[in-house]
1. Being at pLDDT 90 or above and either buried (at least 20 other Cβ atoms within 10 Å of the Cβ) or not in a helix (DSSP H, G or I) (or both): is that true of B:Tyr223 here?
2. So B:Ile138 ticks every box in (1) farther than 30 Å from B:Tyr297 by Cβ; (2) modelled with pLDDT under 90; (3) of a type in the set (A, V, I, L, M, F, W, C) but one. Which box is left unticked?
3. Just checking, how many residues over the stretch A:16-60 are within 20 Å of the chain's Cα centre (by Cα), among the acidic types (Asp, Glu) and closer than 16 Å to A:Ile101 by Cβ?
4. Does any residue of the stretch A:265-276 turn out to be more than 30 Å from A:Glu116 (Cα to Cα) and among the polar types (S, T, N, Q)?
5. What number of residues within the stretch A:244-265 are more than 14 Å from chain B (Cβ to nearest Cβ), in a strand (DSSP E or B) and under 18 Å from A:Ala183 (Cα atoms)?
6. Residues to consider are A:Tyr118, A:Tyr123, A:Tyr135; find the one that is crowded, with 23+ Cβ neighbours inside 10 Å and at negative phi.
7. Can you tell me which condition A:Arg114 does not meet? The list is (1) farther than 21 Å from B:Gly376 by Cα; (2) in contact with a helix residue (DSSP H, G or I) (Cβ under 8 Å, 6 or more places away or on another chain); (3) among the charged types (D, E, K, R), and all the others hold.
8. Is the stretch B:142-157 home to any residue that is more than 17 Å from B:Tyr75 (Cα to Cα) and either under 36 Å from the mean Cα position of the chain (by Cα) or part of a helix (DSSP H, G or I) (or both)?
Amino acid sequence: MPRIAVIGGGVAGMEVAFRLSQLSFEVDIIEKSFILGGHVHKWQKLFPDFTPAHQIVDQLKNQLRDKVNILFGNEVIKAEQENTKHILYLSDGTTQVYDAIVITTGFKLFNANRKEEYGYSVYPNVITSSELEEYFQNDKPIITKENRIVERIAFIHCVGSRDEKVGNRHCSKVCCITAVKQAIEVAQRNPDAEIYLFYMDLRMFDRKFEDLYLQAQTEYGIKFVRGRLSEVSEKADSRLFLKLEDTLLGKPLRLTVDLVVLMVGMETAENSIQLANALGIPVGQDNFMLPVNCHSQKNITGNRGIFVAGCASGPKSIGETLADARSAALEVYSYLNCN
Amino acid sequence: MKFDWFVLPFLSGLSFVTVYTSVKFYRWINKLSRGEKALLKKYIFSRSIWTSIKEIFSESLFHLKIFKTHPLLGYMHASLAFGWFLLIVLGNIEVKFYSEYSINPPYVPIFLNFFEPTTAPNFFGRGFRFIMDFLLLIILSGVALAFFKRFVPSKFGMKQNMRHRWFDRIAIFSLWFIFPARLVAESLSASIYHNGSFLTNTLGKMMSFLPAETLLYPSWWAYSIILGIFFFALPFSRYMHIPTEVLLILMRNAGIRSRYFSHPYQEVETEACSRCGICIDSCQLTSIGYAIQPSYYLRTIRYNELHREITDNCLLCGRCVEACPVGIFSTDIRRHERTLQHEMRTVKFKFNQNKFSNTYTEVLYFAGCMTHLTPGIKKAMTTILEHSGYSWQILDEDENICCGRPLLLAGQISAANQVIIHTRTQIEKTRAKILVTSCPICYKTFKENYRLNMLIMHHSQFIDHLYTHNRIATQYRNVNVKYHDPCELGRGANIYVEPRRVIEQIANLLPSSSEKNKAPCCGGSLGNTMLQAEEKKLIAKRALSEMNLTSADLLVTACPLCLKTFSAVSSVSVKDLSQLVAENICEKIPNNAQKIHKAVETL
């Protein structure tokens, strides 16, 4: 029976592995951490319908049960190719031979320290969108690090995305709608809070996104300002002073808030570039992996028997990731059956 | 009087150079303002002229600075310049043994072996022939090295050669051929008359199979023609630097500086550039493929070529100025030219008034716009100021005011002056004793353009001052630190000692091969408006590898712009000096500090 390696145990990897096991292949998931679910595991609710994230992860986990072998705490150190066989050297010292490999290494969040002017890790009340999710574990009002109830909050879009200065020209795609979702969740917990979103463009590309955006404005009174943040400083009372530009009016803007949320974008995962080099897969200017083409062969890489799915080949929403994973599984199936 | 027709090419070439150079010199000096002329005149008739004469010997002839860059490169330049110089001087003395005239035409010493084929039969006669042979050998070794340098510049401490134009090549080749031609002519002469010494006599014997008598006269013609070609090419080629450098040294030591684009001093600088190419290696844009270094830049100015992109594509880091053996202030020329190109006289700023403090504090802290973009530094400085015991305030807390330097670097002088006047008013209103800034760019501007009646300190100096007056104390950490000298603080403001003293209070400071005036630029310079973000990143990466951080735990710098640029690409963690201090500051000031607490009065 052909053996397949799925590198990365996020939602993409889990879905690929499950579909391939359904097609009765022997599948190994190689996961560097000790939990499945990747980034989704850390999320509370998902846009646009507020589905609890754990529902998706649990469902995927249940599907995998007893069907797929999971090699936790493992990374690929070296890769070799012999005819149609792929040999992977893993960090636990073992060597595995596979007939096909699916790369689902996903993404990492942009390190907000690289935009030091936004004050992340300098001022405690500047947090990332991922850290804000932790506040949503319960329904209590959002408070600052000094235990003050947040009365005014600013969401900053495109932190580390569409920013040539940090070397990222690409759009991370999901942060716009995530900001709208999170703003609504804040409004539900702090009904009196003033909520500002400072965006470059609002890219409400999928179904129901526009509805959520409209709802945020009409129902929750969330204020959307097209503007760019230039710098954050801290006042004596530990509130944050923002200097921005309203890019529609072309005028500078100043605002004092209790909490700043940076909508950090996606970058290619830590070891993805090394992995791409080891497996001979080209990466784009944005460092995400390049499939043969982005229309009809978006899961096929230049190297035979190696496939890619999910955010390893660029930012995607969860729905898109799962669809991409299923399509990759089918590509693997046709590849192995035509050999 | 001795004469032969073959001296004509040489003689006409020499006359041409003399006339041309004299006219050029006269024009340059004439173009100086009345004050500058007086300055030059006063200098030439003062006692300090001797320093210039010394410099002309050590730099124009002996090339001491190039020796310091690389000994072999220095030897190559010195053997040609100093060797040839001695050949001419000693040749002129030698003539005295043979000639009945006290004044001889200039071609006699050059072609002495033709005019005086028999060696004076005494010690001096043979001695001089020996010295002349020896000098010729030295020069020939220089020519050989120059030839090899074209192929293996790395052996001469250079990464690459200057790419010369065809006209310069003619001049170079004629220069190279002068000395072999002389060797051939003198050797042929020696093979007939035995009038040479160890070199020419030996070579003459080796050439005895040749019909020396038929070849001798044409070989003197060849030598003269090559000299003639060189002299005719000299004023239009790189070799114009030979006479011009002398004038440059005089003018520079007299205190004349270029004040605007096309100032006569700048024209002298332009022609004094020998295009030796040493600046090419010192420039960090070389490795990313830009030929914008002073050698190239000054050439485009000299030959009136289009070069707008070259003018703007420069970090203004000043490494080339430090490296230049001639001492050309090329960054000044760029700034003057930018002024010419970008000056917008019509701009009128409206300033936000009345938002600045009028209260008095001892210390006024000016963070600067770049520090606002690196709030870690501002926070660290706040901590340090809290511990300093001084009363203090931040001038640019809410309102961004600018020192004016970005506008100055872009050449927008009148716009910059508006900003400077506004900011100066705000600073003076506070009547502070010490103005502290975290940004070397602001520091340099406050120092040079503001005429403020208070102590101006960069924060590295201020922290050093706090240590010496026992106002702060820090814990010692056993970490290895490398310090990066920011361009504007180091080469720009000559502050090298204070930041190092501060680091040594806290950590183990590692030496570096490229530090102080040789430190690389981070690449984030405001002076360059042409580079793409990716290119700046590449420069930063290469600067880091040049500093070699393998043994360092931490890279410390003292400029917010350097911090920001390096943080983005460094694998070793990067901190500002103030952050290093603030993180290790002791809560309690040692007891004896109280006594010296009034140190501010001594300022």
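1. Here the answer is yes, as B:Tyr223 does meet what is asked.
2. Exception for B:Ile138: condition (2).
3. Our first condition is that a residue be within 20 Å of the chain's Cα centre (by Cα); within the stretch A:16-60, this holds for A:16-17, A:29-60.
Subset that is among the acidic types (Asp, Glu): A:31, A:49, A:58.
Keeping just the survivors that are closer than 16 Å to A:Ile101 by Cβ gives A:31.
So the answer is 1.
4. No, the stretch A:265-276 has no match at all.
5. Adding up the residues that qualify gives 5.
6. Sole residue among the options that is crowded, with 23+ Cβ neighbours inside 10 Å and at negative phi: A:Tyr118.
7. In the conditions (1) farther than 21 Å from B:Gly376 by Cα; (2) in contact with a helix residue (DSSP H, G or I) (Cβ under 8 Å, 6 or more places away or on another chain); (3) among the charged types (D, E, K, R), A:Arg114 misses (1) alone.
8. So in the stretch B:142-157, the residues more than 17 Å from B:Tyr75 (Cα to Cα) come out as B:151.
From the residues that got through so far, the ones that are either under 36 Å from the mean Cα position of the chain (by Cα) or part of a helix (DSSP H, G or I) (or both) too are B:151.
Yes, because at least one residue in the stretch B:142-157 is more than 17 Å from B:Tyr75 (Cα to Cα) and either under 36 Å from the mean Cα position of the chain (by Cα) or part of a helix (DSSP H, G or I) (or both).
The values are calculated or read from the model by the stated rules, or taken from the named source; none is laboratory data. None of the values given here were measured: they were computed from a predicted structure. So basically every Cβ, Gly included, is an ideal-geometry build from the backbone, and we count neighbours across all protein chains shown.
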